[in-house]
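Here's the structure we're looking at; comments come further down.
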Amino acid sequence: MRTSDVLSSAASNAFRSKTRTALTVVAIFIGAFTLTITNGLGTGINLYISDTLASIGAKDVMTVTNAPAKVVDANAPVAYDPTQVRTSAAGPPGTTTTFAALTGTRLDELRQVPGVQRVEPNKNPSVNFVQGSSATPYRVAIGNLISGMRLTLTAGAQPNNDTAAYEVAIPTSFVTSLGFASDAAAIGQQVTFGLNDANRVAHTITATVVGVADAGLIGTVPSATPNSALRDALYSTQNTGLATTANPTYTSATVWFDAATMSDAQVKDLQARLKVAGFASSTVADQIGTFKTIIDAIVLVLNAFAIIALIAAGFGIINTLFMSVQERTREIGLMKAMGMSSNRIFQLFSLEAVIIGLLGSGIGVGIGMAVGTVLSNVLGKTLFSTLVGLKLIAFDAASIAGVVLLVVAIAFLAGTLPAIRAARKDPIESLRYE
Amino acid sequence: MSAPILSVTDLRKAYGRGDAAFEALKGVSLDIAEGESIAIVGKSGSGKSTLMHLLALLDKPTSGRIDLSGADTSKLRGSALNRTRNATFGFVFQQFFLNANASVLENVILPLKIAGISRRERKRRGMDALAQLELDDKARNKAANLSGGQKQRAVIARALVNNPRVIFADEPTGNLDTATGAVVEDILFGLNRELGITLIVVTHDEDLAAKCSRQVVLRDGVIISDERRAA
């Protein structure tokens, strides 16, 4: 028998008992549908995290501090050391970490570590208020913008780090309060930042709004993002009259490395070298990785449930095909008497299982994608409207193909048992069978 | 004289083992010449079905040998055995064994499909075989919708479609009334006479057996008579 004939015979056999086949297909459909949705959930959330990655920080940078000197109880009094910075960001909960501030010499040492391209101390100025065309000044945080980092904009452009002009991107939630008609109308307008210097003298600095940005998933506190020129101006104004102006110290620094040519392993090597030199470092991938690990674990558990449904459906296939083999005992005997090989009989029945699997997974994946897209659009507009850009359920070709392949593989495996029984049938016994 | 198409020597077939063993054939020797029409007659349990299955190479004997055109068949295995069965034999069964939901043509071309013949060639030869049995107008009908006689004609068309050298007929008229049975008999003997196809009929119907050129009577697994009718 030709392979094409085996295929067409298997297809017509699959539809010989329509109700039975339809019910088995429904069982497969449920499994494939669930797997499509859960997979889409993983794809969608991870895609959103990757997209927002750019708004947290660029891929070719890492944040570097001096290695923690000691981890102490957060509630215990800590002896004062003018060179030490105290932070509660790192370390186990309930503890606080102290580490030495980065001085000019330490920054120079950092520049000597092989693989480090550029080092820039992080200047974190804070301002008292921001005021637009309306009368009321508002409290605001100053965000970080390092080269390569991109904000998710609703209007305008990214703040330009290469210009001497003072530019700023404001959060979209501030637009109306600052007295602008719309996101687009805010572009090109002036805003004024108010801040105090070290001697508590009030200063104001005026900047041009170049962009309006969305709040991302991470760093959800709305903050104004200045360009380098504005940041430097705010920082130097704030530190005017400070005793340490001649020899400033910084909490952290940003290190650039060659992300284009370095593999992940080489980045890890660089981090190891930094550790040897007494620095602690974290890349954006380190911060994102934690999120992705959690999402992947949740999706894995959901997928496991879908696969349990598919395995149950696999038993449905076994049952259906056993009945089919039983019903067609004489036909199998006749075909064998006419010289059909056992191998071809096996293929005939296992292909029938594969066809049922393909049908169920095709319908399941199709409807799953349709329902997932609608659901994701509706949720995006209602429940998750604050998370702009989130497509809760997204699909990529590879994972969809993976779902179909998995279902077909399960169907094939389920089909082997009845197919082996059919292939082993003795033609004489089968022809006698009533 | 050329070698007989089928020749069996001291054929024995036992089922089961030990005390429960039952010997269905107890040393049968028989030569069947090409173009003969031979009836294997006997009561149920005489071993006639077992002999037919062995002759059609559907089963292996416990001992003894079966030669097909002078060649020992015990050496045939796997695909060679399947090809030989497909190309050499046609089967006509009492219970028809038609696939009720498939069309008459689909049923008839099944041996060609198994042989791996192209779709177009299958259809041409299938229609030829149906025309030979005056069933070509029913080619598209479902097999289930045929009358008993038409069904048996479709079965004969199926046995004939691959130009076999031997047709095995197991009680071919058992399920038919006398008139239709006679028509089917005429067709089978016509094929034997005109195309020279060897016809091996297994039956307990003595009238049918009498129409064959040779009658072999089996009882309890041995041949008790082997008579040739004068042509």
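The values are calculated or read from the model by the stated rules, or taken from the named source; none is laboratory data. These numbers come from a predicted model, not from an experiment. With ideal geometry, Cβ positions are generated from the backbone for all residues, glycine too; neighbour counts draw on all protein chains shown.
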query: When residues of the range A:17-30 are filtered for being in contact (Cβ under 8 Å) with a residue 40 or more places away in the chain and within 13 Å of chain B (Cβ to nearest Cβ), how many remain?
result: 1
- line: Inside the range A:175-214, the number of residues satisfying the requirement of being aromatic (Phe, Trp, Tyr) and more than 18 Å from A:PRO125 (Cβ to Cβ) is 1
message: I'd like to verify a number: residues in the range A:159-186 that are among the β-branched types (Val, Ile, Thr) and buried (at least 18 other Cβ atoms within 10 Å of the Cβ), how many?
response: 4
field: Boolean, A:PHE15 is surrounded by 22 or more Cβ atoms within 10 Å (Cβ to Cβ) and either among the aliphatic types (A, V, I, L, M) or closer than 21 Å to A:ALA414 by Cα (or both)
entry: no
query: Which of the residues that make up the range B:60-78 are within 14 Å of chain A (Cβ to nearest Cβ), surrounded by fewer than 15 Cβ atoms within 10 Å (Cβ to Cβ) and either within 19 Å of B:VAL166 (Cα to Cα) or at pLDDT 85 or above (or both)?
result: B:LYS60
- request: Answer with yes or no whether A:LEU375 is closer than 30 Å to B:LEU55 by Cβ and of a type outside the set (Gly, Ala, Ser).
  value: no
message: If I go through the range B:84-102 residue by residue, how many of them are buried (at least 16 other Cβ atoms within 10 Å of the Cβ) and assigned to a helix (DSSP H, G or I)?
response: 4
- prompt: In the range B:162-178, is there at least one residue being touching a Phe, Trp or Tyr at 6+ places or on another chain (Cβ under 7 Å), closer than 24 Å to B:LEU11 by Cα and among the β-branched types (Val, Ile, Thr)?
  reply: yes
field: Breaking point among (1) within 14 Å of another protein chain (Cβ to nearest Cβ); (2) surrounded by fewer than 14 Cβ atoms within 10 Å (Cβ to Cβ), for B:LYS142
entry: (2)
field: Selected residue [buried (at least 19 other Cβ atoms within 10 Å of the Cβ) and farther than 24 Å from B:GLN95 by Cα] from B:GLY181, B:GLY196, B:GLY221
entry: B:GLY221
statement: Per the filter on the range A:359-381, residues surrounded by fewer than 17 Cβ atoms within 10 Å (Cβ to Cβ) and within 21 Å of the chain's Cα centre (by Cα) are A:THR373, A:VAL374, A:LEU375, A:ASN377, A:VAL378, A:LEU379, A:LYS381
query: If you go through the range B:103-139, how many residues are within 14 Å of chain A (Cβ to nearest Cβ), in a helix (DSSP H, G or I) and surrounded by fewer than 20 Cβ atoms within 10 Å (Cβ to Cβ)?
result: 4
- request: Take the range A:269-293 and flag every residue that is assigned to a helix (DSSP H, G or I) and more than 14 Å from A:PRO114 (Cβ to Cβ).
  value: A:VAL284, A:ALA285, A:ASP286, A:GLN287, A:ILE288, A:GLY289, A:THR290, A:PHE291, A:LYS292, A:THR293
- line: Only one of (1) within 14 Å of chain B (Cβ to nearest Cβ); (2) more than 30 Å from B:ARG77 (Cα to Cα) does not apply to A:ILE288, and that is (1)
message: Just to verify a result, which residue in the range B:148-164, among those that are in contact (Cβ under 8 Å) with a residue 24 or more places away in the chain and either assigned to a loop (DSSP other than H, G, I, E, B) or in contact with a His (Cβ under 6 Å, 6 or more places away or on another chain) (or both), is nearest to B:GLY90 (Cα to Cα)?
response: B:PRO164
- line: In the set B:GLU34, B:GLU23, the lone residue that is away from chain A (no Cβ under 14 Å), within 26 Å of B:GLU206 (Cα to Cα) and not in a loop (DSSP other than H, G, I, E, B) is B:GLU23
- request: Identify, from the list B:ASN175, B:ASN192, the residue that is under 22 Å from B:LEU130 (Cβ atoms) and either under 14 Å from the mean Cα position of the chain (by Cα) or among the aromatic types (Phe, Trp, Tyr) (or both).
  value: B:ASN192
task: From A:THR220, A:THR192, grab the single residue that is in the same structural domain as A:THR136 (by TED's automatic domain parsing), modelled with pLDDT of 90 or more, of a type in the set (Ser, Thr, Tyr) and over 19 Å from A:ASN161 (Cβ atoms).
output: A:THR192
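Rundown of residues vs (1) within 14 Å of another protein chain (Cβ to nearest Cβ); (2) polar (S, T, N, Q), yes/no style:
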| site | (1), (2) |
| --- | --- |
| A:VAL325 | no, no |
| A:GLU331 | yes, no |
| A:LEU334 | yes, no |
| A:ALA337 | yes, no |
| A:SER341 | yes, yes |
| A:GLU352 | no, no |
| A:GLY357 | no, no |
| A:GLY364 | no, no |
| A:THR373 | no, yes |
- prompt: Which residues, counting only those in the range B:79-101, are facing chain A (nearest Cβ under 7 Å), touching a strand residue (DSSP E or B) at 6+ places or on another chain (Cβ under 7 Å) and within 16 Å of B:LYS113 (Cα to Cα)?
  reply: B:PHE91
task: Output yes when any residue across the range A:385-396 is surrounded by fewer than 16 Cβ atoms within 10 Å (Cβ to Cβ), more than 14 Å from chain B (Cβ to nearest Cβ) and acidic (Asp, Glu), and no when none is.
output: yes
